[in-house]
1. Excluding residue 249 itself, calculate the net charge of residues whose Cβ lies under 15 Å from the Cβ of residue 249, where each Lys or Arg counts +1 and each Asp or Glu counts -1.
2. Quickly work out the residue 231-to-residue 52 label distance, labels modelled 7 Å from Cα along the C-beta direction, and quote it in nm with one decimal.
3. 5 Å is the cut-off here: which amide hydrogens, built 1.01 Å from N in the peptide plane, fall below it relative to residue 107, excluding neighbours closer than 5 in sequence?
4. Return the Rg/Rh ratio of the stretch 1-156 with Cα-based radii and a Kirkwood Rh.
5. Ordered by packing density, taken as the mean number of other Cβ atoms within 10 Å over each peptide's residues, highest first, how do 105-114, 234-243, 338-347 rank?
6. Projected area of the chain, taken from the Cα convex hull and averaged over every viewing direction, in nm²?
7. Along the principal axes of its C-alpha atoms, what lengths does the stretch 236-347 span, in descending order and rounded to whole Å?
8. Just the number: Rg to Rh for the stretch 241-289, Cα atoms, Kirkwood Rh, two decimals.
Amino acid sequence: MKTIAAVKPNQVEIIEVAKPKPGPYQALVKNKVASICNATDRKLIEGHFPGVDKYPLVLGHEGVGIVEEIGSKVRNFKVGDHAIGGMLGTIENLNGGGPDIYSGWGGFCEYVLVHDHDAMVADGAANDENGWFESCEIQRVVDKDIPLEEAALLCTWREVLAAFGDFNLKSGDDILIFGAGPVGLSFVKFARLLGLNWIGVVEPNQARHAKILEMGASQVMLPADVSALKDSRGPLDAIIDAVGNENIVNMTLPLIKLGGSVCIYGVLAHDTIPVQKSLGPYNFNLFVHQWPTRFREREAQQPICDWIRQGKLRADEFVTHTFPFEQINDALAASRTGSVIKCLLTY
């Protein structure tokens, strides 16, 4: 079957890998719509995702497809279901145990696997021997009334909504978000839906400012305007770094209230975070969210699907480009222009 791979840093090709066969607790899923992750996929392609240095890498971790076959012990998926979170997360799944193809999660294949996490837990089989890994918990059925485009974005949306719990964000909070990519805009959208108070956004791309306000932001500004907030707004409850820049910590410490938080979302490129603690209040929190908290991500699916049904959350607010998966390099070229918010691939 065909799959999208970074064959070496900064070179992406469509290659052939073996079609997977589902094990007892697995379901085989034919991909329908996938989404490029502007952070993880880009870092894997460019060769600076921490701890990943072997190529070729099969890319992708955001997608939705239709279940075509189930293993003998699967109880929570059935043929014809829509399923998200499918990937080929291990080298063994990619080429029968061969060492020549490596996993960058492997969600951009024509066929992927999902695991029946609940059945594995119930049977005491949630272990390496049975192919379980931590992402299995969020491989789930999506109700068929959720359009495939929205279902593909659930991967991003669930992670962001889950981070609200990790960051202890709550109704009435005043927050400032750095960055207005898919993650930053999702923070804006969910903050408004959850009843947070003042929602500021820092975004250097002025062409995106109108979109940010449409999403529900109270104010949007350029990076040069941030320091003035200390006098114009007063102390904030939290800063959200949605771009992964360690310098944001010290830039924003003077803006948070006593007991406030600086919240870093995403994988950081550097090993250390220099913190000049004297810039902030005596008591403050520094949250580093480099990986989803899986039980929160799983729980986030239901409220997000409810918002979709209510018309409060739509894919077309985020998706700016769609390409056939064979045109992956055109999709990546478009994403480098800064005009793309979220790009979908269709199979």
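1. With Lys, Arg at +1 and Asp, Glu at -1, the net is -2.
2. Between residue 52 and residue 231, the simple spin-label model gives 4.5 nm.
3. Placed amide hydrogens put 60, 61, 88 under 5 Å from residue 107.
4. On the Cα set of the stretch 1-156, Rg over Rh gives 0.95.
5. So the peptides 105-114, 234-243, 338-347, ranked by packing, come out 105-114, 234-243, 338-347.
6. Spelled out: convex hull of the Cα atoms, projected over all directions, averaged, 17.0 nm².
7. Per principal axis, max minus min of the Cα coordinates gives 52, 34, 23 Å.
8. 0.94
The values are calculated or read from the model by the stated rules, or taken from the named source; none is laboratory data. Owing to the predicted nature of the structure, the values given are computational and were not obtained by experimental measurement. Cβ atoms come from the backbone with ideal geometry, glycine included; neighbour counts cover every protein chain shown. Remember, those area values only see protein heavy atoms, side chains included, never the ligands or the DNA or RNA. Shrake-Rupley method; radii C 1.70, N 1.55, O 1.52, S 1.80 Å.
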